[in-house]
Amino acid sequence: MRVKEILQSPEAIGKSLEAKGWIRTKRGNKNIVFIALNDGSTIHSIQVVINAPDFPEDLIRQLTTGACIGIKGIVVQSPGKEQSVEIQADDITVYGSANPETYPLQKKGHSLEFLREIAHLRPRTNTFGAILRIRHALAFAIHKYFNDNGFYYLHTPIITGSDCEGAGEMFRVTTLSASNPPVLKDGKVDFSEDFFGKETSLTVSGQLEGELGALALSRVYTFGPTFRAENSNTPRHLAEFWMIEPEMAFYEIDDNMDLAEDFLKSLIRYALDHCRDDLEFLQKMYDGELIDRLTFILDNTFERITYTEAIDILVQSGEKFEFQVKWGVDLQTEHERYLVEKHYKKPVMVTDYPKDIKAFYMKQNDDGRTVRGMDVLFPKIGEIIGGSQREENYDKLKSRISELKLPEKDLWWYLETRLFGTAPHSGFGLGFERLVLFITGMGNIRDVIPFPRTPKNAEF
RNA sequence: UCCUCAGUAGCUCAGUUGGUUAGAGCAUCUGGCUGUUAACCAGAGGGUCCUAAGUUCGAGUCUUAGCUGAGGAGCCA
């Protein structure tokens, strides 16, 4: 039986059963030994009580922090204060011992930086157990939300041949020799010899393909790995991360904002309803205001302002910013933080950015100088969602592509959807790890993904 | 990529204006304790002071370069 079930089942008392897991701590003396056993099913461990004289001494010696064991025994009410039930051990199996001289996890005091160096073992800590369970619950909640709302899960490609997705540096995918690739007469690499007969990369976004799906199934979403080869060294960036990108036909920018707000709130609500123990643990250990902050998001409407209004607020704030506030220049982190944390003190959605600072596919407004982009800004982590209404007009889209000198020949299929049965449509991208970061209250994105990939780090 | 800070025992850290044999807590090991709660009590072992070069009679400490990590910025989700 799993530890979570035992702890939740009053009827288990008096029954004989088997629990398997890893030892968190061991206490006691020659006569009685207490073990905290955890199998990852819950943040809580179950206490195993061993009457030491009943077992061989060398077996007891193997019961150390980190060892994997199975315990057969009777569940009894615990006379101790800290737990309601415990297992009185009749039989002990050691599946795998853990040499206490060399096992790096101890009973107390590990920095998150140290745990990153032992990412193969950190899932065994309370902290990472909690994070990984919350991460799972949120992934499940995302699929549930979309399924319940008539969206179809679309699998967009991970290898892409278009380098015009416009979201950053890409990782090349190739089977050509790194030391001696075939070359053309001008010395450049001959990608026609490559596996796909052209230069290919890992995707930086499934959006363009997502739009193709939306213009057929009306509502789709993607949820998959995304790769950016930017040399970003921050607590909010990964080279490999998971992104959720809903794309909806017949949604205008306001519908898009409604969805983004309802979606985020439903995910936070799901976590509060289903991950209470883990959230309480993280609140106790790392972030005393975590649950209040999550509840606050649920209880308040996101502020909706245009970029132009944001600029006015910042100019009139009297605040001294390092970067000058000026219409036409993108909002800096310090500006976003001011809006979210000082001015409105709640999530803010900013729309209608100058077209020159946003991607080619965003729908152009009639004013000729702004586009219907939208960013959702959260306290602590900044931009959690970026999205827009898409330009559905063939001529406007085409002229924007040529203005920006993008390779039109690689985008023929994207353009063609505007030629045949085009429709107003919108969508956005949510960084999954940023969501998990916010909901767990952790400070560094490398601690909310099991095996982070960042510049100079692809260990494990 | 830029700026700032850090790197000393398995982990977290202290180490004074450069000066004898580099310390503490936790962990580990040994001993003690029949109900512990990050158990407790006593004792012991444990160091390439990130690497390289330099200054100096003498460097954990100062200088330079590099490596690694963290924070801030940019890019963005």
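The values are calculated or read from the model by the stated rules, or taken from the named source; none is laboratory data. No experiment lies behind these values; they were computed from the predicted model shown. Positions of Cβ are backbone-derived with ideal geometry, glycine not excepted, and every protein chain shown enters the neighbour counts. When the accessible area is computed, the model is the full protein with side chains, heavy atoms only, and any ligands, DNA or RNA have been set aside. Shrake-Rupley method; radii C 1.70, N 1.55, O 1.52, S 1.80 Å.
Numerical summary
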{"read-out": "Zero-based 10 Å bins, Cα pair distances in region A:92-200, whole percents", "value": "10, 20, 19, 22, 22, 7, 1, 0"}
{"read-out": "Crossing angle, helix A:253-274 versus chain A [Cα axis fit, 0-90 degrees, rounded to tens]", "value": "0 degrees"}
{"read-out": "Volume per residue that the Cα convex hull of region A:63-113 spans, once the total is divided by residue count, Å³", "value": "117 Å³"}
{"read-out": "Two-decimal Rg to Rh for region A:220-356 - Kirkwood Rh, Cα set", "value": "0.99"}
{"read-out": "Cα-only Debye scattering, region A:190-267: base-10 log of I(q)/I(0) at q = 0.21, 0.24 Å⁻¹", "value": "-1.05, -1.13"}
{"read-out": "Sparsely packed trypsin sites (Lys or Arg not before Pro) within region A:382-439, loop by DSSP, other Cβ within 10 Å at most 12", "value": "A:405"}
{"read-out": "All Cα pairs of region A:27-160, percent lying beyond 27 Å", "value": "39 percent"}
{"read-out": "Distance histogram in 20 Å bins (all Cα pairs of chain A, percent per bin)", "value": "21, 45, 26, 8, 0"}
{"read-out": "With every protein chain in place, region A:3-106: carbon and sulfur % of accessible area (1.4 Å)", "value": "49 percent"}
{"read-out": "Helix-derived mean residue ellipticity, 222 nm - over chain A, DSSP H n ≥ 4, -39500 (n - 2.57), to 500", "value": "-8500 deg cm²/dmol"}
{"read-out": "Descending Cα extents along the principal axes, region A:241-312, whole Å", "value": "41, 32, 26"}
{"read-out": "Normalised contact order of chain A, rounded percent, pairs of Cα under 8 Å and 6 or more residues apart", "value": "14 percent"}
{"read-out": "C-alpha long axis of helix A:207-217 to longest principal axis of chain A, angle in °", "value": "90 degrees"}
{"read-out": "Cα-based convex hull, region A:281-389, per residue volume (Å³, whole number)", "value": "119 Å³"}
{"read-out": "Kirkwood Rh in Å, taken over region A:108-151 so that all alpha-carbon pairs contribute", "value": "12.1 Å"}
{"read-out": "Separation between Cα centres of region A:356-391 and region A:266-323, rounded to whole Å", "value": "20 Å"}
{"read-out": "Chain A: angle of helix A:394-403 to the longest principal axis, Cα-based, in degrees nearest 10", "value": "90 degrees"}
{"read-out": "Qualifying trypsin sites (Lys or Arg not before Pro) for region A:1-110 [loop in DSSP, other Cβ within 10 Å: at most 16]", "value": "A:2, A:15, A:30, A:81, A:107, A:108"}
{"read-out": "Rg [Å, one decimal], Dmax [Å, integer] - region A:362-451, C-alpha atoms", "value": "17.3, 46"}
{"read-out": "Volume per residue of the C-alpha convex hull in region A:298-346, rounded to whole Å³", "value": "75 Å³"}
{"read-out": "Heavy-atom surface of region A:3-106, accessible at 1.4 Å and reported per residue (Å²)", "value": "53 Å²"}
{"read-out": "For residue A:306, distant residues with modelled amide H under 5 Å away", "value": "A:351"}
{"read-out": "Potential lengthening between residue A:457 and residue A:192 on full extension [0.36 nm per residue; Cα-Cα distance subtracted]", "value": "92.3 nm"}
{"read-out": "Alpha-carbon spread of region A:344-403, three principal axes, descending order, Å", "value": "40, 19, 17"}
{"read-out": "Spin-label model distance (nm) - residue A:337 vs residue A:9, 7 Å beyond Cα toward Cβ", "value": "5.0 nm"}
{"read-out": "Net length gained if the chain between residue A:77 and residue A:383 were fully extended (0.36 nm per residue, minus Cα distance)", "value": "105.3 nm"}
{"read-out": "Percent antiparallel among DSSP beta bridges (both partners in chain A, rounded to 5)", "value": "90 percent"}
{"read-out": "Rg to Rh quotient for region A:3-106, alpha carbon positions, Kirkwood Rh", "value": "0.94"}
{"read-out": "Alpha-carbon radius of gyration plus Dmax, which is the widest Cα pair, for region A:120-262 in Å", "value": "19.1, 59"}
